[in-house]
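Read-outs: derived from the displayed coordinates by stated rules, not from any lab. Quick caveat, the model's predicted, so the values are computed rather than measured. With ideal geometry, Cβ positions are generated from the backbone for all residues, glycine too; neighbour counts draw on all protein chains shown.
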Amino acid sequence: MNEADMIGECLESVDFCAEIIVVDSGSTDSTLDVVNGYIAKGYPIRLFHNDWPGFPRQRQFALDQATQPWCLSIEADEAIDDVLRQSIMNVTQLGNDAFDGWYI
């Protein structure tokens, strides 16, 4: 909510993802305009509105919308750097079922 100043950098940092779930709880700034701009650029964003039920439930709502086998959960004021991006891509492309998840 109200992350217009930060969400662009976040979205650009996860442009390698097959799907980007954005859940907004009622932004009153230009957050939705920014997100829609990235959608227009072709980013694979699926935008949802969900009234704020609290942090754990909001995160679970976002995860429930995901259709891909792996999820990376970050906040709008966070971004993935190049080293982490490459590590994520390497690990998820291994096809190794030995792990259920990773803590970053």
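The loop-placed GluC sites (Glu not before Pro) in segment 1-99, going by DSSP, include none that has at most 11 neighbouring Cβ atoms within 10 Å of its Cβ.
The translational diffusion coefficient of the chain, from Stokes-Einstein at 25 °C and 0.890 mPa s with a Kirkwood hydrodynamic radius over alpha carbon pairs, comes to 168 µm²/s. Largest mean-square fluctuation among 54, 37, 26, in a Gaussian network model of the chain whose springs join Cα atoms under 10 Å apart, belongs to 54. About its Cα centre, the dipole of the chain is roughly 340 debye, where the only charges are +1 on Lys and Arg Cβ and -1 on Asp and Glu Cβ.
Note that segment 52-68 has calculated 3J(HN,Hα) couplings of 5, x, x, 4, x, 6, 5, 5, 5, 4, 4, 4, 5, 7, 5, 10, 9 Hz, one per residue in order, obtained from phi through the Karplus relation 6.51 cos²θ - 1.76 cosθ + 1.60 (θ = phi - 60°); glycine and proline are x. Seen against the Cα atoms of the chain and their longest principal axis, helix 31-40 is set at about 60 degrees. In segment 11-104, taking the dipole from charged Cβ atoms about the Cα centre, the farthest positive-side position among 68, 87, 40 is held by 68. Mean-square fluctuation check for the chain, GNM, Cα pairs under 10 Å: which of 91, 23, 34 is largest? Residue with maximal mean-square fluctuation among 91, 23, 34: 91. FRET efficiency for the residue 83 to residue 52 pair, using the beta carbon distance and R₀ = 41 Å, is estimated at 0.80.
Here 71, 17 are placed in order of increasing Cβ neighbour count within 10 Å, fewest first, which gives 71, 17.
Under 5 Å between amide hydrogens, built in the peptide plane, is the criterion, and for residue 24 it picks out 48, 49, 50 among residues at least 5 positions away or on other chains.
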